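Colleague: The following block contains the structure, expressed as structure tokens.
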Amino acid sequence: MLAADYGRRQLLPKEKAQEFKLPEQSLAPSMGHWNEWVHACKTGAPTLCNFDYSGALTETVLLGIVAFRAGAGFNWDAENLKASLPKAQEFVSKEYRKGFEVVGLNG
């Protein structure tokens, strides 16, 4: 298991960590997420962890939390933002008061 945070990393179990070798670097070093964002705004270039990747990753992680809170697994329709389990759907959307609806979200 790898626990990593801001360049620090720890492999567990420690006995196996001694034999681990880092892979060759395949991405350019980050200029920092603030600078990447400004650079992307000015040039149109993607950031190292752009929304195409991070959005889907975040959705996956949050759906795991929804399954935990619902107490069961479910199938997810990403296009329509619908869970196959009604209890899970309760955590995904809600009905907004008149005048406060969010256009484009199912609620």
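None of the figures in this text is laboratory data; all of them are computed from the coordinates on show. No experiment lies behind these values; they were computed from the predicted model shown. Here the Cβ is made from the backbone with ideal geometry for all residues, glycine too, and neighbour counts use every protein chain on show.
Colleague: Testing the spin-label approximation: label points 7 Å from Cα along Cα→Cβ at His39 and Leu57. State their distance in nm.
Modeller: 1.7
Colleague: Something else now. Could you list which residues have their amide H under 5 Å from that of Lys82, counting only those 5 or more apart in sequence or on another chain, with H placed in the peptide plane?
Modeller: Excluding prolines and chain starts, which carry no amide H, the hits are Asp77.
Colleague: Over the chain, calculate the relative contact order: mean separation of alpha carbon pairs under 8 Å at least 6 apart, over the residue count, as a percent.
Modeller: Answer for the chain is 11 percent.
Colleague: Got a sec to turn the phi values of segment 55-65 into Karplus ³J(HN,Hα) couplings, 6.51 cos²θ - 1.76 cosθ + 1.60 with θ = phi - 60°, whole Hz, x for Gly and Pro?
Modeller: Once θ is set to phi - 60°, the couplings for segment 55-65 become x, 5, 5, 4, 4, 4, 5, 5, 5, x, 5 Hz.
Colleague: Next question, about the same structure. Using θ = phi - 60° and the Karplus relation 6.51 cos²θ - 1.76 cosθ + 1.60, list the HN-Hα couplings for segment 5-14 in order, rounded to whole Hz, with x at every Gly or Pro.
Modeller: 7, 6, x, 8, 8, 9, 9, 10, x, 4
Colleague: Still on this structure, please answer the following. Quick one: if you stick a label point 7 Å off each Cα along the C-beta vector at Arg69 and Glu15, how many nm between them?
Modeller: Between Arg69 and Glu15, the label points sit 4.0 nm apart.
Colleague: Give the residue list of chymotrypsin sites (Phe, Trp or Tyr not before Pro) in segment 1-67 that are DSSP loop and have at most 12 other beta-carbon atoms within 10 angstrom.
Modeller: Tyr6, Phe20
Colleague: If you count, for each residue, the other Cβ atoms within 10 Å and average over each peptide, how do 40-50, 79-89 line up from highest to lowest?
Modeller: In decreasing order of mean packing, 40-50, 79-89 become 79-89, 40-50.
Colleague: Just Ser54, Ser26, Ser93 to compare: in a GNM of the chain, with alpha carbon springs under 10 Å, which one fluctuates most?
Modeller: With Cα springs under 10 Å in the chain, the top fluctuation among Ser54, Ser26, Ser93 is at Ser26.
Colleague: Would you calculate the separation in nanometres between label points at Ala28 and Glu90, each defined as 7 Å from the Cα along the Cα-to-beta-carbon direction?
Modeller: 4.9
Colleague: Specify which labelled value, from (i) 1.10; (ii) 0.97; (iii) 1.13, agrees with Rg/Rh (Cα atoms, Kirkwood Rh) derived from the coordinates of the model shown.
Modeller: Here Rg/Rh (Cα atoms, Kirkwood Rh) agrees with entry (i).
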